[in-house]
Ligand SMILES: [Zn+2]
Ligand SMILES: [Zn+2]
């Protein structure tokens with residue numbers, strides 16, 4: 001009889017454990033990560049845009065959970081992680097949202113507004129779909145009726 005049965009199973013068990021180590025979805029593809037991936041890094045100079053894109057790529061980008069204070073207008077209007085200047089200030093002063101320097105902005109701030117409008121339209125689309133679903137739900141009423149019939153039958 002073999003008293004060394006531990007050897008075989010042990011080396012096998014560990015072999016496959018590191019396969020998913022570098023996947024973004026390791027902790028479940030959260031909405032935040034998905035948003036970061038599709039994020040438009042606007043109002044940034046080339047350098048800062050590269051830095052943030054790098055962070056997104058290697059899953060180091062941590063989105064803000066609440067607005068941060070803008071260093072220019074001192075209001076909590078900074079909605080993007082790693083930014084120190086809010087979008088309106090960046091636009092007005094023509095400075096980078098992240099480093100606050102007067103650099104060439106790669107993607108103008110304005111393009112973000114279009115993005116938000118699209119989301120609104122998306123919500124309205126979902127509302128329409130929900131309205132259609134209500135028609136299907138009315139079928140359930142028929143099922144309820146048949147249940148009552150069954151109960152009546154048991155009484156007999
Ligand atoms: Zn500001
Ligand atoms: Zn910058």
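All of the numbers you see were taken from the coordinates with simple rules; none came from a lab. As the structure is a prediction and not an experimental result, all values here were calculated from the model. Neighbour counts run over all protein chains shown; Cβ positions are idealised from the backbone, glycine included.
Test of understanding: among 57, 69, which residue is within 16 Å of ligand 1 (Cβ to nearest atom) and surrounded by fewer than 16 Cβ atoms within 10 Å (Cβ to Cβ)?
Details: 57 fails: within 16 Å of ligand 1 (Cβ to nearest atom).
Selected residue: 69, the only one of 57, 69 that is within 16 Å of ligand 1 (Cβ to nearest atom) and surrounded by fewer than 16 Cβ atoms within 10 Å (Cβ to Cβ).
Given (1) touching a strand residue (DSSP E or B) at 6+ places or on another chain (Cβ under 9 Å); (2) part of a helix (DSSP H, G or I), where does residue 98 come up short, assuming only one miss?
(2)
Filter segment 76-91 for residues that are more than 16 Å from ligand 2 (Cβ to nearest atom) and surrounded by 13 or more Cβ atoms within 10 Å (Cβ to Cβ); which is nearest to residue 103 (Cα to Cα)?
Here is the first cut: in segment 76-91, the residues more than 16 Å from ligand 2 (Cβ to nearest atom) are 76-77, 79, 88.
Filter again for surrounded by 13 or more Cβ atoms within 10 Å (Cβ to Cβ), leaving 77, 79, 88.
Values: 77: 21, 79: 20, 88: 16 Å.
That would be 88.
Identify all residues within segment 38-75 that are assigned to a loop (DSSP other than H, G, I, E, B), under 12 Å from residue 98 (Cβ atoms) and under 16 Å from the mean Cα position of the chain (by Cα); write none if there are none.
Across segment 38-75, the qualifying residue is only 41.
Restrict the check to segment 47-69 and report whether at least one residue is within 16 Å of ligand 2 (Cβ to nearest atom) and within 15 Å of residue 108 (Cβ to Cβ).
yes
When both residues are 6+ apart or on different chains and their Cβ atoms are under 7 Å apart, which pairs have a first residue that lies in segment 84-109 and is without any contact (Cβ under 8 Å) to a residue 40 or more places away in the chain and on the phi > 0 side of the Ramachandran plot, and a second that is assigned to a loop (DSSP other than H, G, I, E, B) and within 13 Å of ligand 1 (Cβ to nearest atom)?
Partner pairs satisfying both residue conditions: 100/71; 100/84; 100/85.
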